[in-house]
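The values are calculated or read from the model by the stated rules, or taken from the named source; none is laboratory data. The structure presented is a predicted model; accordingly, all values stated were derived computationally and were not measured. Cβ placement follows ideal geometry from the backbone for every residue including glycine, while neighbour counts extend to all protein chains displayed. The protein model used for the area step is the full one, side chains on, heavy atoms only, and it has no ligands, DNA or RNA in it. Shrake-Rupley method; radii C 1.70, N 1.55, O 1.52, S 1.80 Å.
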Amino acid sequence: MKKTLSPKSFKLKLKLFLTRIFDSKKYDTPCNICGNKIFFRGPNSRLSTTNQYPWCINCLSLERHRGLRLLWEKFPKDFLKSKIALQFSKEPTVDSEWFNKHVVSVYGGENSLDIQNIDFKNEVFDIVICNQVIEHVPDDKKAIKELLRVLKKDGFVQMSVPYPMQLAKTIDWGYPKESDHGHYRNYGKDINLLLDELVGKGCWKEIVVTDPVTIAQDYVYILCRSKNALLSILEQFKVSY
Ligand SMILES: [Zn+2]
């Protein structure tokens with residue numbers, strides 16, 4: 001079947017194509033997802049926090065996707081091969097072929113799921129991936145509880161939110177703020193308290209990932225249902241606790 005581009009994706013590709021003609025940079029370090037070496041400015045013409053062009057013109061990955069990719073690649077492929085994964089929102093971080101089964105939910109589109117009320121039974125998934133999603137939902141506490149509910153006892157959630165280290169305290173507007181990408185809130189360092197409350201102390205871990213192209217850093221969270229499950233997952237990821 002012929003693949004068709006959604007209007008949004010088409011507009012994005014066209015915009016990127018036009019931008020490419022006038023404003024792109026070639027770097028020595030290739031995109032670790034697709035191998036391309038030419039990059040654009042990011043969305044809204046932004047640069048990375050390290051003043052580099054962050055947007056891969058081929059796979060459309062940004063800093064966070066490539067940093068996360070490095071983390072995921074630490075995971076043994078034969079371990080992932082037996083796993084059933086659920087991912088909220090499409091992004092180029094992981095490859096479907098790594099998993100036994102990979103369910104991707106695109107809100108309002110393919111396999112659309114309400115993250116605050118996930119239409120799956122308890123303990124179905126080995127892995128749940130949720131990057132830059134919970135800032136878009138009204139009830140983030142309910143969403144995090146749901147991510148853990150559909151997770152098997154020995155599984156893990158890999159979650160991230162935009163730039164939590166840039167703010168001391170979370171700002172919550174209580175409505176989707178148009179001028180802030182439609183976010184209900186922007187998380188601050190106090191996301192740690194939220195995770196302690198909802199996931200449990202010692203059951204989650206913050207990991208810093210680095211994009212090999214721009215060297216920009218990002219924060220990633222691994223959430224588990226018990227301390228033992230977390231220790232075992234971190235061992236697989238080769239991350240020390
Ligand atoms: Zn790429």
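Condition check: away from the ligand (no atom under 16 Å from the Cβ) and in contact with a strand residue (DSSP E or B) (Cβ under 9 Å, 6 or more places away or on another chain). Does PHE79 satisfy that? Judged against the criteria, PHE79 is not a match.
Summed over segment 71-95, residues that are outside any loop (DSSP other than H, G, I, E, B), surrounded by fewer than 18 Cβ atoms within 10 Å (Cβ to Cβ), touching a residue at least 40 places away in the same chain (Cβ under 8 Å) and not aromatic (Phe, Trp, Tyr) total 1. Assess whether LEU12 counts as being outside any loop (DSSP other than H, G, I, E, B), away from the ligand (no atom under 13 Å from the Cβ) and either open to solvent by 30 Å² or more (accessible area, probe 1.4 Å) or touching a Phe, Trp or Tyr at 6+ places or on another chain (Cβ under 6 Å) (or both). Yes, satisfied. When THR93 is tested against (1) β-branched (Val, Ile, Thr); (2) touching a Ser or Thr at 6+ places or on another chain (Cβ under 6 Å); (3) within 15 Å of the ligand (Cβ to nearest atom), exactly one condition is not met: (2). For the structure I just gave you, tell me whether CYS31 is within 8 Å of the ligand (Cβ to nearest atom) and either of a type in the set (Phe, Trp, Tyr) or open to solvent by 30 Å² or more (accessible area, probe 1.4 Å) (or both). No. Reported count of residues in segment 116-149, each being in contact (Cβ under 8 Å) with a residue 12 or more places away in the chain and open to solvent by 10 Å² or more (accessible area, probe 1.4 Å), is 21.
Taking segment 96-110 as the range and being surrounded by 14 or more Cβ atoms within 10 Å (Cβ to Cβ) and either within 16 Å of the ligand (Cβ to nearest atom) or more than 26 Å from LEU231 (Cβ to Cβ) (or both) as the test, the residues that pass are VAL103, VAL104, SER105, VAL106, TYR107. Going residue by residue through segment 38-54, is there one that turns out to be more than 24 Å from GLN166 (Cβ to Cβ), within 16 Å of the ligand (Cβ to nearest atom) and assigned to a strand (DSSP E or B)? Checking segment 38-54: at least one residue is more than 24 Å from GLN166 (Cβ to Cβ), within 16 Å of the ligand (Cβ to nearest atom) and assigned to a strand (DSSP E or B). Screening the candidates LEU151, LEU86, LEU147 for the property of being touching a Cys at 6+ places or on another chain (Cβ under 7 Å), of a type in the set (A, V, I, L, M, F, W, C) and either modelled with pLDDT of 95 or more or not assigned by TED's automatic domain parsing to the domain that holds ASN228 (or both) yields one hit, LEU147.
One residue alone among ASP139, ASP190 is over 25 Å from ASN32 (Cβ atoms) and touching a Lys or Arg at 6+ places or on another chain (Cβ under 6 Å), and that residue is ASP190.
In segment 114-121, the condition of being within 25 Å of LEU148 (Cβ to Cβ), within 16 Å of the ligand (Cβ to nearest atom) and in contact with a Cys (Cβ under 9 Å, 6 or more places away or on another chain) is met by no residue. Do we have LEU60 as within 14 Å of the ligand (Cβ to nearest atom) and assigned to a loop (DSSP other than H, G, I, E, B) here? Yes; evaluated as a whole, the condition is true for this residue.
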